[in-house]
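The values are calculated or read from the model by the stated rules, or taken from the named source; none is laboratory data. Remember, it's a predicted structure, so these values are computed and weren't measured experimentally. Quick reminder, even Gly has a Cβ in these numbers, built from the backbone with ideal geometry, and neighbours come from all protein chains shown.
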């Protein structure tokens, strides 16, 4: 490995993680998952809850770039998909100590109408079961048996009108926040996509920031399907951790967070009934750190990257080449193709300056 390539990687990583212009997440980032939007990871967030310092909020969003007016079959979570949020609180052992698993069901309450909501009923009544494992996936416990996802905010007549649900959307949204039997607070449902990113510019051969015009939020007015879990820090803490951390870098108080979606291997279609599903569960999407699959992994292995865990990735040396020699670094270095991408001019490699960065491209790291 050339020393110059190591410097490229460190600078690229710092730019991807810190730059407002380049920071994207995971919208339609691989060929297979772009054809399966209901199972597509979008973003992952982890932070200490501002309303309660004894809690950590974990958020995983799915189903990218939803049009809020996309009726009559509005976007929702998919049936026969396992949506999972994973937590690793022990770096000495590969694997997740804690996993939250959501499975959704969608019921048509009134098949006699083409409207999504009419006379107090919903065409897409979405509910979910939430299971939790705290023993590295050996067993799962149901902690919410019948959670309710709020409907899409279709409009005043459907939500607050007498011919609709006759309530307010604020009440529906607040009513969907559910307390689990083990102390978590949970929400699952449609929200505005919180990211600001000029996707059109980035994928137009790196025209971000725009050289002839202002950047455009490519996600403005689009929704995502969000899973939010507020978890007691005591639940996430490493089992052997002391009550008080020894320092801000105490490894016993650091967690890794990533999210995934899985489908069963076999889908059987029928002319007379709904599809049936069988076989092993196969991971089809995942996300921890932003931009990894989107802008580091090349097209030819993006589907493979989605199918493995962060722990598989750490052991798979065949992927190292894409981290040691990332394509974007070529467009930041005038020795290669830097002159062809003028938007990256402020990011040019400075050979006389050494950038030190701890790089972890697996789960997003958060200190509890």
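A compact table of results
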quantity: Scope region 274-308; condition part of a strand (DSSP E or B) and touching a helix residue (DSSP H, G or I) at 6+ places or on another chain (Cβ under 9 Å); matching residues; calculated: 282, 283, 284, 285, 286, 287
quantity: Those residues of region 228-240 which are surrounded by 19 or more Cβ atoms within 10 Å (Cβ to Cβ) and farther than 19 Å from residue 52 by Cα, in sequence order; calculated: 238
quantity: Any hit, region 135-148, residues being under 21 Å from residue 60 (Cβ atoms), touching a residue at least 24 places away in the same chain (Cβ under 8 Å), in a loop (DSSP other than H, G, I, E, B) and in contact with a strand residue (DSSP E or B) (Cβ under 8 Å, 6 or more places away or on another chain); calculated: yes
quantity: Lone qualifier among 156, 217, 204 - being surrounded by fewer than 16 Cβ atoms within 10 Å (Cβ to Cβ) and either at pLDDT 95 or above or under 24 Å from residue 88 (Cα atoms) (or both); calculated: 156
quantity: Helices (runs of 4 or more DSSP H) (entirely within region 164-249) containing at least 2 residues that are in contact with a helix residue (DSSP H, G or I) (Cβ under 9 Å, 6 or more places away or on another chain) and over 20 Å from residue 294 (Cα atoms); calculated: 169-175
quantity: Of all residues in region 264-284 being more than 16 Å from the chain's Cα centre (by Cα) and under 21 Å from residue 100 (Cβ atoms), the one that is surrounded by the fewest Cβ atoms within 10 Å (Cβ to Cβ); calculated: 280
quantity: Extreme residue, nearest to the chain's Cα centre (by Cα), among residues of region 149-162 that are without any contact (Cβ under 8 Å) to a residue 24 or more places away in the chain and within 18 Å of residue 109 (Cβ to Cβ); calculated: 157
quantity: Qualifying positions in region 46-92 - free of Cβ contacts under 8 Å to residues at least 40 places away in the same chain and over 30 Å from residue 267 (Cβ atoms); calculated: 50, 51, 53, 92
quantity: Long-range neighbours under 9 Å by Cβ, at least six apart or interchain, first residue at positive phi and at pLDDT 95 or above within region 163-187, second in a helix (DSSP H, G or I) and surrounded by fewer than 13 Cβ atoms within 10 Å (Cβ to Cβ); calculated: 183/234
quantity: Filter pass, residue 120 being in contact with a helix residue (DSSP H, G or I) (Cβ under 8 Å, 6 or more places away or on another chain) and surrounded by fewer than 15 Cβ atoms within 10 Å (Cβ to Cβ); calculated: no
quantity: Boolean, residue 225 is crowded, with 19+ Cβ neighbours inside 10 Å and either touching a strand residue (DSSP E or B) at 6+ places or on another chain (Cβ under 7 Å) or over 18 Å from residue 75 (Cβ atoms) (or both); calculated: yes
quantity: In region 31-67, residue surrounded by the fewest Cβ atoms within 10 Å (Cβ to Cβ) [restricted to those that are part of a loop (DSSP other than H, G, I, E, B) and in contact with a strand residue (DSSP E or B) (Cβ under 7 Å, 6 or more places away or on another chain)]; calculated: 54
quantity: Test: residue in region 3-26 that is surrounded by 14 or more Cβ atoms within 10 Å (Cβ to Cβ), at pLDDT below 95 and either part of a strand (DSSP E or B) or in contact with a strand residue (DSSP E or B) (Cβ under 7 Å, 6 or more places away or on another chain) (or both); calculated: yes
quantity: Region 89-117 - residue that is in contact with a helix residue (DSSP H, G or I) (Cβ under 8 Å, 6 or more places away or on another chain) and part of a strand (DSSP E or B) and, of those, surrounded by the fewest Cβ atoms within 10 Å (Cβ to Cβ); calculated: 98
quantity: From the options 142, 126, residue that is closer than 18 Å to residue 181 by Cα, under 23 Å from the mean Cα position of the chain (by Cα) and modelled with pLDDT of 95 or more; calculated: 142
quantity: Scan of region 68-79 for residues that are surrounded by fewer than 17 Cβ atoms within 10 Å (Cβ to Cβ), in contact with a strand residue (DSSP E or B) (Cβ under 8 Å, 6 or more places away or on another chain) and not in a strand (DSSP E or B), ordered by number; calculated: 68
